[in-house]
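Trainee: Right, I'll just put the structure down here and ask away after.
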Amino acid sequence: MATRRGALATGLAALILGLVGGTAPPAAASGTAPNGAAGAGAGQRGRLAIDVLSSTPGQVSGGDALLRVLVPAGTDPAAVRVTRNGADVTPAFTTDAGGRSLTGLVTGLVEGWNTVRAAAPHGRAALRVRDFPVTGPIFSGPHQYPFLCKTERGGLGQPLVDNHDGQGMRVFAVDAGGAKTDQVVGWSRDCSARTVVDYVYRSTAGGFKPLPAGGSRPADLATTTTLDGRSVDYVVRRERGTINRFIYGFTMLAPLAEAGGQMAGARPDDSEWNRRVIYRFDGGVAIGHDQGSLSTDGTLYDPGLSKGYAIIYSSGTRTATHYNLVLGGETALMTKERFIEEHGVPYYTVGVGGSGGGIQQYIYGQDYGTRVIDGAVAQYSYPDMVTQTIHVGDCELLERYMDTSGDPKWQTWSNRRLLEGLNASDTVPNPYNGNKPGSTECVTGWRGLTPLALNPNWTDNNDPEWQITDPPGVKDTVKWTHWDDLRNVYGVGADGYARVPWDNVGVQYGLAALRAGEITPAEFLDVNAKVGSWKDPADMVKEGCPFEPATCADPAQFDPWSARNMRLSPDGGVTPAPRRAGDPAAIRAAVAGGIVFTGRIDIPIIDWRHYLEEQLNMHNAHQSFASRQRMLNHDGDASNQVIWFTDARPAAIFDQTPEALSVMDAWLTAIRTHPERGVAANKPPLAVDRCFDTQGAPIASGPHVWDGILDHRAPGACTQRFPLHSTSRIVAGGPIEGGVFACRRQPVDAAIARGLYGPWHPTPAEAQRLRQIFPTGVCDYGARHR
């Protein structure tokens with residue numbers, strides 16, 4: 001399994017790079033750890049070899065790379081000479097333990113192709129490496145402009161001037177006291193900043209504080225016990241700067257002596273680092289054009305730092321900054337490259353992060369093998385973002401229909417799950433209804449995502465930095481949609497707008513409820529005739545209340561569904577509302593571009609979440625199993641993923657993440673010790689499906705606790721404790737894993753003949769109405785789909 005999935009990840013990475021005009025890494029290096037097995041094999045065969053430890057040879061950035069020269073037996077390492085583009089760089093290399101290799105940071109690489117050569121009395125080796133600017137891009141496509149700088153918010157000062165053309169954020173002169181003046185000295189388009197290193201400490205009262213100047217010992221300095229059992233001062237070195245235009249942070253334990261300046265000029269003292277890395281990924285939803293900011297909780301991640309882990313973090317791998325996961329993956333690779341150049345190759349890197357942070361782990365594990373993370377602790381995850389838009393895009397269409405249909409059935413809020421699939425409640429307060437009881441996940445969890453993701457005329461990014469970003473009014477030139485944020489992936493249509501994959505042609509909303517007798521044929525026909533679809537981005541207009549607060553004085557502007565941007569029936573449903581066909585090129589690009597999780601992953605995954613269904617939280621529980629089913633669809637094997645739920649009724653109390661990190665450490669250590677066994681055979685005893693109570697105590701564990709979800713067995717212990725809901729597309733007949741952008745269709749008459757409607761046998765008039773609503777046929781989810 002490991003070999004096959006690794007090869008597929010290599011092919012996908014190459015495909016992604018080909019699509020966006022970058023340079024694909026050599027196949028032997030992609031999908032493997034940075035310390036490249038290809039080079040090691042060459043050294044073992046008795047000849048010199050060179051490999052790149054910090055990246056792949058075709059994706060070096062920032063003008064430097066950590067290289068290793070493998071020395072065959074019988075060759076004195078001291079006799080090896082290394083050159084970079086003809087210049088001697090041998091002094092940069094030191095002999096590794098065992099005397100069979102040399103490692104060194106080679107600087108001075110030029111942008112483009114470089115040649116590194118190693119020579120010994122009885123051998124020669126050469127390696128071509130391609131260097132890219134530290135500002136990128138490598139393979140994500142052209143930079144996005146305008147791009148809002150946040151370096152001052154990040155504690156890095158004003159961005160560096162990179163042009164005098166009035167493009168980007170204004171950079172101001174400073175007076176003798178360091179205060180900004182009104183004099184503009186230049187502009188920054190790419191938001192670069194100087195690297196800053198400072199030190200903080202953990203207080204005995206909890207929380208982090210700046211370490212006093214000079215490194216004197218604070219009276220309230222806490223100590224901590226690292227993963228290897230050492231008790232050390234809880235002092236943290238924090239490095240911040242910019243990579244790929246985003247702000248990055250590296251944090252790790254450091255001796256108090258280093259913080260006091262007693263090691264000035266020396267390399268950082270990594271003696272308190274446990275040689276393991278946590279890459280912290282963050283969630284949220286945003287539409288790009290923004291550098292973003294670091295999360296204090298993300299960079300100063302106590303569950304990891306306290307155990308001696310190093311923490312890698314970037315505002316570019318935070319989906320509250322953008323949702324372009326090609327750009328995010330590129331940023332993750334470049335950021336990890338910098339860390340390895342400074343600190344060496346870690347034993348492993350484990351991802352930790354929730355929601356969009358969980359999505360990133362699935363996507364980067366699929367697209368880049370172990371180049372970003374070796375294991376994933378994916379919290380509150382979804383398989384990916386773009387396939388969530390398929391059913392989330394139905395939410396307001398269905399909410400508007402049920403709010404305005406006049407059918408009393410939909411005034412009982414719990415009935416709304418019959419169409420939406422997602423959970424609904426008769427008791428949860430509804431802020432759009434005067435906080436009266438009754439709401440749905442579509443309202444409580446997802447309302448606001450429609451204008452944010454779909455409407456080019458609306459954004460919640462109203463940060464003050466726009467006031468000093470030039471040319472004036474440049475913010476208003478942005479098409480504020482998810483699709484345009486990823487125009488390098490989806491492509492651009494003839495109208496100048498990014499192509500859109502969203503589609504609901506042939507979707508029979510409420511089909512499962514009809515078959516179960518929970519809605520009548522008349523209700524089924526009514527919703528499908530009136531539900532409608534979304535306008536093209538070019539035809540959308542500005543939002544009303546509550547998204548534009550200034551409009552709320554006029555009751556006629558109340559439009560929480562964004563109905564003004566829907567395609568609806570012109571005559572109340574007599575003429576069925578038109579459906580929307582997704583752009584086939586956008587659908588193909590989403591899959592080929594690597595932003596859809598297809599199940600092609602072979603790293604250890606602990607998929608953990610609090611059970612939040614009764615709170616109508618957007619992180620609905622069936623998503624863990626959607627990811628598992630995609631893995632099973634891919635190759636019949638999901639043994640590298642375990643699913644954990646912790647009860648959160650009535651509230652989320654216990655965090656299972658530290659336990660997950662402990663289990664993941666045992667799992668990855670076993671893989672490091674016995675790589676020949678693969679992922680599944682190296683599982684420690686606790687790396688199994690599990691569920692827990694509100695205090696984190698185990699309820700049940702083992703291979704059958706989730707029975708009855710993806711199979712026809714009797715429900716397992718965890719299945720019974722934690723009921724799942726679905727989505728509008730599952731209710732419409734689609735699969736639990738989702739991901740069907742555009743269904744294959746069958747004629748209405750063929751669907752009737754096949755008994756698709758269960759006990760309902762449409763009359764001739766009803767069949768004719770179905771044909772009017774679905775003139776090109778209805779979804780056949782048993783067929784292949786796009």
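The values are calculated or read from the model by the stated rules, or taken from the named source; none is laboratory data. In this text, all values refer to a predicted model and were calculated from it rather than measured experimentally. Here Cβ is always computed from backbone atoms with ideal geometry, including for glycine, and neighbour counts include all displayed protein chains. Just so you know, the surface numbers come from the protein's heavy atoms only, side chains and all, with ligands and any DNA or RNA stripped out. Shrake-Rupley method; radii C 1.70, N 1.55, O 1.52, S 1.80 Å.
Trainee: Which one is most open to solvent (accessible area, probe 1.4 Å) among residues in segment 324-372 that are small (Gly, Ala, Ser) and closer than 21 Å to residue 663 by Cβ?
Mentor: Going residue by residue through segment 324-372, those that are small (Gly, Ala, Ser) are 328-329, 332, 344, 351, 353-358, 365, 369.
Okay, now just the ones that are also closer than 21 Å to residue 663 by Cβ, so 351, 353-354, 357-358, 365.
Values: 351: 0, 353: 0, 354: 19, 357: 0, 358: 0, 365: 3 Å².
Within segment 324-372, the match that is most open to solvent (accessible area, probe 1.4 Å) is 354.
Trainee: Residues being part of a strand (DSSP E or B), surrounded by 11 or more Cβ atoms within 10 Å (Cβ to Cβ) and of a type outside the set (Phe, Trp, Tyr): count how many of those fall in segment 153-182. Spell out how you get there, then give the answer.
Mentor: Pass one, segment 153-182, residues part of a strand (DSSP E or B): 163, 168-174, 180-182.
Then keep just the ones that are surrounded by 11 or more Cβ atoms within 10 Å (Cβ to Cβ); that gives 163, 168-174, 180.
Going one step further and asking which of them are of a type outside the set (Phe, Trp, Tyr), we end up with 163, 168-171, 173-174, 180.
Residues that pass the stated criteria total 8.
Trainee: Then there is this: Only one residue in 231, 216 is in contact (Cβ under 8 Å) with a residue 24 or more places away in the chain and open to solvent by 20 Å² or more (accessible area, probe 1.4 Å). Which one?
Mentor: The match here is 216.
Trainee: Is it the case that segment 707-728 has a residue that's more than 23 Å from residue 608 (Cβ to Cβ), of a type outside the set (Gly, Ala, Ser), assigned to a helix (DSSP H, G or I) and out of contact with any strand residue (DSSP E or B) (no Cβ under 8 Å at 6 or more places or on another chain)?
Mentor: no
Trainee: While we're here: Just one of (1) crowded, with 19+ Cβ neighbours inside 10 Å; (2) within 17 Å of residue 420 (Cβ to Cβ) trips up residue 500, so point out which.
Mentor: Condition (2) is where residue 500 drops out.
Trainee: Taking segment 712-729, which residues are among the charged types (D, E, K, R) and open to solvent by 30 Å² or more (accessible area, probe 1.4 Å)?
Mentor: 713, 721
Trainee: Out of all the residues in segment 157-166, is one or more in contact with a helix residue (DSSP H, G or I) (Cβ under 7 Å, 6 or more places away or on another chain) and closer than 29 Å to residue 289 by Cβ?
Mentor: Checked segment 157-166: no residue is in contact with a helix residue (DSSP H, G or I) (Cβ under 7 Å, 6 or more places away or on another chain) and closer than 29 Å to residue 289 by Cβ.
Trainee: Got at least one residue in segment 305-323 being among the aliphatic types (A, V, I, L, M), open to solvent by 10 Å² or more (accessible area, probe 1.4 Å), out of contact with any Pro (no Cβ under 8 Å at 6 or more places or on another chain) and modelled with pLDDT of 95 or more? Steps first, answer last, please.
Mentor: First, the residues of segment 305-323 that are among the aliphatic types (A, V, I, L, M): 305, 310-312, 320.
Still in the list and also open to solvent by 10 Å² or more (accessible area, probe 1.4 Å): 320.
Then drop every residue that is not out of contact with any Pro (no Cβ under 8 Å at 6 or more places or on another chain), which leaves 320.
Imposing the further condition that a residue be modelled with pLDDT of 95 or more reduces the set to 320.
The answer is yes; a qualifying residue exists.
Trainee: Condition test on residue 678, is it on the phi > 0 side of the Ramachandran plot, within 27 Å of the chain's Cα centre (by Cα) and not basic (Lys, Arg)?
Mentor: Criteria met by residue 678.
Trainee: Scan the strands (runs of 3 or more DSSP E) fully inside segment 586-703 and keep the ones with 1 or more residues being within 30 Å of residue 449 (Cβ to Cβ), open to solvent by less than 40 Å² (accessible area, probe 1.4 Å) and at pLDDT 95 or above.
Mentor: Counting at least 1 such residues, we get 605-611, 641-647, 690-692.
Trainee: Could you please give the count of residues in segment 532-559 that are within 30 Å of residue 776 (Cα to Cα) and either in contact with an Asp or Glu (Cβ under 8 Å, 6 or more places away or on another chain) or in a helix (DSSP H, G or I) (or both)?
Mentor: Going through segment 532-559 one residue at a time, the tally reaches 4.
Trainee: I'd like the full set of residues that are among the charged types (D, E, K, R), outside any loop (DSSP other than H, G, I, E, B) and under 17 Å from residue 52 (Cβ atoms), limited to segment 79-99. If you could, list the steps in order and put the result at the bottom.
Mentor: Taking segment 79-99 first, the residues among the charged types (D, E, K, R) are 81, 84, 88, 96.
Retained after the next criterion (residues that are outside any loop (DSSP other than H, G, I, E, B)): 81, 84, 88.
Selection gives 84 alone.
Results for (1) touching a residue at least 40 places away in the same chain (Cβ under 8 Å); (2) over 30 Å from residue 286 (Cα atoms); (3) not aliphatic (A, V, I, L, M), shown as yes or no for each residue.
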residue	(1), (2), (3)
87	no, yes, no
96	no, yes, yes
103	yes, yes, yes
108	yes, yes, yes
112	no, yes, yes
118	yes, yes, no
135	yes, no, yes
140	yes, no, yes
143	yes, no, yes
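Trainee: Restricting attention to segment 247-270, which residues are closer than 23 Å to residue 331 by Cβ and out of contact with any His (no Cβ under 9 Å at 6 or more places or on another chain)?
Mentor: Hits for segment 247-270 are 247, 248, 249, 251.
Trainee: Here's a follow-up. Can you work out which of the residues in segment 317-352 that are in contact with a Leu (Cβ under 7 Å, 6 or more places away or on another chain) and assigned to a helix (DSSP H, G or I) is farthest from residue 64 (Cα to Cα)?
Mentor: So the residue we want is 340.
Trainee: Within segment 373-461, considering only strands (runs of 3 or more DSSP E) that don't extend past its boundaries, which have at least 3 residues that are on the phi < 0 side of the Ramachandran plot and either open to solvent by less than 10 Å² (accessible area, probe 1.4 Å) or in contact (Cβ under 8 Å) with a residue 40 or more places away in the chain (or both)?
Mentor: 375-379, 424-430
Trainee: Within segment 41-77, take every residue that is among the small types (Gly, Ala, Ser) and at pLDDT below 95 and give me the one that is surrounded by the most Cβ atoms within 10 Å (Cβ to Cβ). Talk me through it step by step, then tell me what you get.
Mentor: First, the residues of segment 41-77 that are among the small types (Gly, Ala, Ser): 41-43, 46, 49, 54-55, 58, 61-63, 65, 73-74.
Remaining after also requiring at pLDDT below 95: 41-43, 46, 73-74.
Working: 41: 13, 42: 18, 43: 22, 46: 12, 73: 9, 74: 9.
My answer is 43.
Trainee: Further question on the same structure: In segment 462-497, which residue that is farther than 27 Å from residue 587 by Cα and free of Cβ contacts under 8 Å to residues at least 12 places away in the same chain is least open to solvent (accessible area, probe 1.4 Å)?
Mentor: Looking at residues that are farther than 27 Å from residue 587 by Cα and free of Cβ contacts under 8 Å to residues at least 12 places away in the same chain, I get 473.
Trainee: Which ones in segment 506-531 are open to solvent by 40 Å² or more (accessible area, probe 1.4 Å), part of a loop (DSSP other than H, G, I, E, B), in contact (Cβ under 8 Å) with a residue 60 or more places away in the chain and on the phi < 0 side of the Ramachandran plot?
Mentor: Across segment 506-531, the qualifying residues are 516, 518.
Trainee: Can you pull out every residue in segment 111-140 that is open to solvent by 30 Å² or more (accessible area, probe 1.4 Å), outside any loop (DSSP other than H, G, I, E, B) and farther than 23 Å from residue 46 by Cα?
Mentor: Correct list: 113, 130.
Trainee: How do the pairs read when you match residues in segment 710-725 that are closer than 26 Å to residue 425 by Cβ with residues anywhere that are open to solvent by 80 Å² or more (accessible area, probe 1.4 Å) and part of a loop (DSSP other than H, G, I, E, B), using Cβ under 8 Å and keeping only pairs 6 or more apart or on different chains?
Mentor: What qualifies is 716/704.
Trainee: Here's something else I'd like to know. Considering only residues that are in contact (Cβ under 8 Å) with a residue 40 or more places away in the chain and basic (Lys, Arg), look in segment 730-786 and name the one that is surrounded by the fewest Cβ atoms within 10 Å (Cβ to Cβ).
Mentor: Residue satisfying both the conditions and the ranking: 784.
Trainee: A further question on this structure: Give the residues of segment 545-604 that are under 33 Å from the mean Cα position of the chain (by Cα) and charged (D, E, K, R), sorted by residue number.
Mentor: Scanning segment 545-604 gives 548, 559, 564, 567, 579, 580, 583, 588, 600, 602.
Trainee: Moving to a separate point now. Give the residues of segment 736-766 that are small (Gly, Ala, Ser) and either farther than 30 Å from residue 631 by Cβ or at pLDDT below 95 (or both), sorted by residue number. Reasoning before the result, please.
Mentor: First, the residues of segment 736-766 that are small (Gly, Ala, Ser): 738-739, 742, 750-751, 753, 755, 758, 765.
Answer for segment 736-766, where residues must be small (Gly, Ala, Ser) and either farther than 30 Å from residue 631 by Cβ or at pLDDT below 95 (or both): 750, 751, 753, 755, 758, 765.
Trainee: Could you run through segment 183-209 and say how many residues are more than 28 Å from residue 165 (Cα to Cα) and either open to solvent by less than 20 Å² (accessible area, probe 1.4 Å) or under 31 Å from the mean Cα position of the chain (by Cα) (or both)?
Mentor: 11
Trainee: Kindly list the number of the only condition in (1) modelled with pLDDT under 95; (2) over 20 Å from residue 313 (Cβ atoms) that fails for residue 221.
Mentor: So residue 221 meets the others, but not (1).
Trainee: Residue by residue through segment 486-501, note down the ones that are within 15 Å of residue 456 (Cα to Cα) and part of a loop (DSSP other than H, G, I, E, B).
Mentor: 486, 493, 495, 496, 497, 499, 500
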